[in-house]
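Structure record follows, encoded as structure tokens.
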Amino acid sequence: MASLQLQAVAAVLALVAGAGAAHGFEFHEATVEAIQLGFSNGTLTSTALVRFYLDQIGRLNPLLRAVIEVNPDALRQAQHADAERRRGSGTATGSLLRGVPVLLKDNIATRDALNTTAGSLALLGSVVKRDAGVAARLRRAGAVVLGKASMSEWANFRPVEAGWSARGGQARNPYVLSSTPCGSSAGSGVAVAAKMAAVTLGTETDGSILCPSSFNSVVGIKPTLGLTSRAGVVPITPLQDTVGPMCRTVSDAVHVLDAIVGHDAQDAAATGAASKYIPHGGYTQFLNKNGLKGKRIGVPNGFFQGYDQTQLNTYKQHLATMRKLGAVVIEKLDVAANLTALLVEIYSKEGIAMQAEFKLSINAYLADLVYSPVHSLADIIAFNNKHPVEERLKDFGQPDLIAAQSTNGIGPVERAAIRRLKELNANGLEKLMMEHQLDAIVAPNSDISSLLAISGHPGIVVPAGYDEKGFPFGICFGGLQGYEPRLIEMAYSFEQATKVRRPPMFKP
Ligand SMILES: *[C@@H]1O[C@H](CO)[C@@H](O)[C@H](O)[C@H]1NC(C)=O
Ligand SMILES: *[C@@H]1O[C@H](CO)[C@@H](O)[C@H](O)[C@H]1NC(C)=O
Ligand SMILES: *[C@@H]1O[C@H](CO)[C@@H](O)[C@H](O)[C@H]1NC(C)=O
């Protein structure tokens with residue numbers, strides 16, 4: 001879209017930004033806790049909330065393209081939640097998500113009227129056997145499935161522009177319309193930033209929650225591998241895939257995390273192994289304003305650079321704030337003797353493992369469908385070749401899909417790469433954190449995503465500031481497997497002390 005048009009649209013949006021605030025309940029920016037309060041004090045119904053978000057989607061989605069499908073059943077689900085509440089039977093599970101509209105990334109399967117396509121035309125019309133594990137948990141918690149969020153198509157495996165897919169088009173950043181919303185969970189980040197949903201789910205293989213959360217000024221939690229089930233999620237690699245919340249506040253993200261973690265027989269090995277990390281009583285107990293006190297936070301060399309000076313100064317202030325709140329911040333740490341060399345080797349070994357794992361796991365996903373227009377990775381490649389215009393093959397080709405197709409299972413090369421990644425983690429991030437007894441390392445945006453990805457470590461991104469154009473940036477707290485409780489404490493304490501997040505401005 002031409003920039004003049006963007007300016008005109010931005011002006012219109014600025015005018016309507018104040019609308020929808022009527023009727024006693026403040027819909028804009030409403031948190032999960034405020035929503036539940038509104039339900040219980042009678043100023044809000046789930047139906048009214050769904051109507052508000054459907055209205056927001058109707059108004060904003062032509063511009064932002066964050067929502068790929070709206071659930072035709074959402075209002076009925078909301079009415080059901082309202083009826084349950086009136087009967088006093090709606091609090092059976094005590095879940096704070098009861099009646100709360102949730103948007104799911106388009107690679108998270110739902111067995112309902114919604115399609116699950118990972119942004120791809122090739123999967124349109126496919127029918128899944130059952131809800132994804134995380135979707136089933138949200139339904140049991142009483143959440144309303146509002147729809148599916150757009151995503152970069154097939155994530156890393158169609159390396160087209162961030163936020164673009166053949167089905168969804170180009171998602172836009174609601175802060176600066178001409179800037180990237182990042183990917184692959186672009187729609188989830190954009191939608192929750194622009195209040196087109198109460199909360200959203202994204203998925204990450206390497207950066208896909210942390211980056212779009214940073215660029216859309218929301219909180220993203222990338223959980224420990226296996227803490228959340230990957231069953232029914234269109235896969236990239238079981239070695240790295242994870243599902244997590246993308247929300248406007250840390251506490252919202254933690255309420256969603258509480259609802260989606262846990263064992264799933266359909267992803268038994270990973271969820272079984274990670275179950276030991278789930279704390280008794282859930283994660284909300286770690287929403288502690290003093291959560292930075294006594295924490296040891298490492299600042300690895302090589303990440304706080306390459307940003308403009310105002311941004312670096314902002315990060316410096318944030319480190320000072322952490323110290324003021326009682327954290328021990330240890331600067332100038334080295335993850336490796338040569339960080340560039342480490343990251344280069346990680347990308348290369350990660351790529352080798354990912355290509356083979358992708359072929360195996362996407363073929364397994366497709367084989368498990370009740371109906372699908374495509375049955376294998378080879379079919380997807382052929383489909384794209386038959387639809388070169390829609391799939392923008394001339395611009396981007398499909399080299400990664402073709403490379404994945406040429407692999408032949410997990411052989412000696414892949415096994416060596418996977419072994420090497422374990423070593424790089426053990427001698428890198430894990431060693432650093434153990435040696436200095438760190439509770440977290442911090443870095444800008446998603447810059448440490450690969451260090452976390454290769455060993456299933458968790459990370460939380462929190463809004464950290466806006467550059468001179470108004471484009472958001474975040475700060476990431478990364479830890480070792482199972483460190484969610486302390487990461488939540490630090491992220492929450494930081495958020496409450498800094499309160500950086502502002503609603504989007506829709507600047508051109
Ligand atoms: C009901 O709860 C909402 C918070 O969700 C609050 O803004 C509102 O003032 C409350 N109204 C009454 C009448 O208690
Ligand atoms: C799912 O895709 C089909 C096309 O195959 C379309 O007709 C239908 O409207 C889609 N469902 C929703 C909820 O958008
Ligand atoms: C670090 O590694 C990179 C990439 O392998 C290399 O280009 C660079 O020269 C190395 N730097 C030092 C100081 O050894």
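Straight-line reach from Lys148: which aspartates and glutamates fall under 14 Å, measuring Cα to Cα and dropping same-chain residues less than 8 apart?
Cα-Cα hits under 14 Å: Glu69, Asp73, Asp106, Asp112, Asp131.
If I take R0 = 25 Å and measure r between the Cβ atoms of Thr43 and Ser178 in this structure, what FRET efficiency does the formula 1/(1 + (r/R0)^6) give, to the nearest 0.05?
Details: r = 38 Å, r/R0 = 1.53.
It comes out at approximately 0.05.
Show me, for segment 423-431, the HN-Hα J-couplings you get by feeding each phi into the Karplus relation (A = 6.51, B = -1.76, C = 1.60, θ = phi - 60°), rounded to Hz, glycine and proline as x.
Each residue of segment 423-431 in turn: 5, 4, 5, 5, 8, x, 4, 5, 4 Hz.
Add +1 for every Lys or Arg and -1 for every Asp or Glu among the other residues with Cβ under 13 Å from the Cβ of Glu69, and state the total. Could the numbers behind the result be given before it?
Values: positive: Arg65, Lys105, Lys148, Arg167; negative: Asp73, Asp106, Asp112.
With Lys, Arg at +1 and Asp, Glu at -1, the net is +1.
Under 1.5 on a/c is rounded, so check that first for segment 184-270, then, if it is not, pick prolate when a/b is larger than b/c and oblate when it is not; a ≥ b ≥ c are the square roots of the alpha carbon gyration tensor eigenvalues. All intermediate terms of the calculation are to be shown ahead of the outcome.
Values: a/c = 2.21, a/b = 1.57, b/c = 1.41.
In terms of gyration-tensor shape, prolate.
Where the centroid of each part is defined by its Cα atoms, how far is segment 401-479 from segment 373-397 in Å?
Going from one Cα centre to the other spans 30 Å.
Tell me, what is the FRET efficiency for Arg87 and Lys324 to the nearest 0.05, using R0 = 35 angstrom and their Cβ-Cβ distance as r?
0.10
With θ set to phi - 60°, apply the Karplus curve 6.51 cos²θ - 1.76 cosθ + 1.60 along segment 315-329 and write out the HN-Hα couplings as whole Hz, x wherever there is a Gly or Pro.
Karplus values, whole Hz, x for Gly and Pro: 4, 4, 4, 5, 5, 5, 4, 4, 4, 4, 8, x, 7, 9, 9.
Mind jotting down the distance between the C-alpha centroids of segment 307-329 and segment 60-83, whole Å?
A separation of 39 Å, based on Cα centres.
Shape verdict for segment 2-286, please, from the Cα gyration tensor: rounded (a/c under 1.5), prolate (a/b greater than b/c) or oblate. Let's see the in-between values first.
On the way: a/c = 1.57, a/b = 1.04, b/c = 1.51.
Oblate, since a/c reaches 1.5 and b/c is not below a/b.
Among the listed pairs Lys316/Lys469; Lys324/Lys469; Lys222/Lys507; Lys276/Lys332; Lys293/Lys349; Lys105/Lys195, which have their C-alpha atoms separated by more than 26 angstrom in this model? Could you put the intermediate results ahead of the total?
Numbers: Lys316/Lys469 20 Å; Lys324/Lys469 29 Å; Lys222/Lys507 29 Å; Lys276/Lys332 33 Å; Lys293/Lys349 38 Å; Lys105/Lys195 15 Å.
Over 26 Å Cα-Cα: Lys324/Lys469; Lys222/Lys507; Lys276/Lys332; Lys293/Lys349.
Using amide H atoms built in the peptide plane, which far-off residues or other-chain residues are under 5 Å from Val328 H to H?
Under 5 Å from the amide H of Val328: Gly294, Lys295, Arg296, Ile297.
Are there cysteines in the chain with no other Cys C-beta under 4.7 Å, and if so, which?
Singleton cysteines: Cys247, Cys476.
May I ask for the net charge around Ser178, where only other residues with Cβ less than 10 Å from the Cβ of Ser178 are counted and Lys, Arg are +1 while Asp, Glu are -1? Before the final figure, lay out each step's value.
On the way: positive: Arg172, Lys469, Lys507; negative: none.
After counting each charged neighbour, the total is +3.
Quick check: with the 1.4 Å probe, what order do Glu29, Glu390, Glu414 take by accessible area, largest first?
On the way: Glu29 60, Glu390 85, Glu414 25 Å².
Highest to lowest solvent-accessible surface, that is Glu390, Glu29, Glu414.
For the chain, which semi-axes, largest first and in whole Å, follow from the square roots of 5 times the eigenvalues of its Cα gyration tensor? Kindly include the intermediate steps, with their values, before the conclusion.
Working: eigenvalues 187, 165, 111 Å².
Output for the chain: semi-axes of 31, 29, 24 Å.
To the nearest 10 square angstrom, what accessible area does Thr180 show with a 1.4 Å probe?
Here the accessible area works out near 60 Å².
Calculated FRET efficiency, Ala269 and Val413, Cβ-Cβ r, R0 22 Å, to nearest 0.05? Mind showing how you got there, number by number?
Values: r = 23 Å, r/R0 = 1.06.
Step by step, r from the Cβ atoms, then E = 0.40.
Short version: ³J(HN,Hα) in whole Hz for each residue of segment 200-206, in order, from phi by Karplus 6.51 cos²θ - 1.76 cosθ + 1.60 (θ = phi - 60°), x for Gly and Pro, what are they?
So the Karplus estimates, Gly and Pro as x, are 9, 10, x, 9, 9, 10, 7 Hz.
Which of the trypsin sites (Lys or Arg not before Pro) found in segment 279-337 are in a DSSP loop and have at most 15 neighbouring Cβ atoms, other than their own, within 10 Å? Don't jump to the answer; show the numbers that get you there.
Values: sites: Lys289, Lys293, Lys295, Arg296, Lys316, Arg323, Lys324, Lys332; in loops: Lys289, Lys293, Lys295.
Listed in order of number, the matching sites are Lys289, Lys293.
Hey, could you grab the Kirkwood Rh for segment 243-356? Inverse mean 1/r over distinct alpha carbon pairs, Å, one decimal. If you can, show how the numbers build up before the last one.
Details: mean 1/r = 0.0558 Å⁻¹.
Hydrodynamic radius (Kirkwood, Cα pairs) of segment 243-356 is 17.9 Å.
Given a 1.4 angstrom probe, what's the average accessible area per residue across segment 223-359, in square angstrom? All intermediate terms of the calculation are to be shown ahead of the outcome.
Working: 5600 Å² over 137 residues.
With all protein chains present, segment 223-359 gives 41 Å² per residue.
The values are calculated or read from the model by the stated rules, or taken from the named source; none is laboratory data. Quick caveat: nothing in here was measured; it's all calculated off a predicted structure. Positions of Cβ are generated from backbone atoms using ideal geometry, with glycine treated the same way; all protein chains shown enter the neighbour counts. The accessibility values were calculated without ligands, DNA or RNA, using every heavy atom of the protein model including side chains. Shrake-Rupley method; radii C 1.70, N 1.55, O 1.52, S 1.80 Å.
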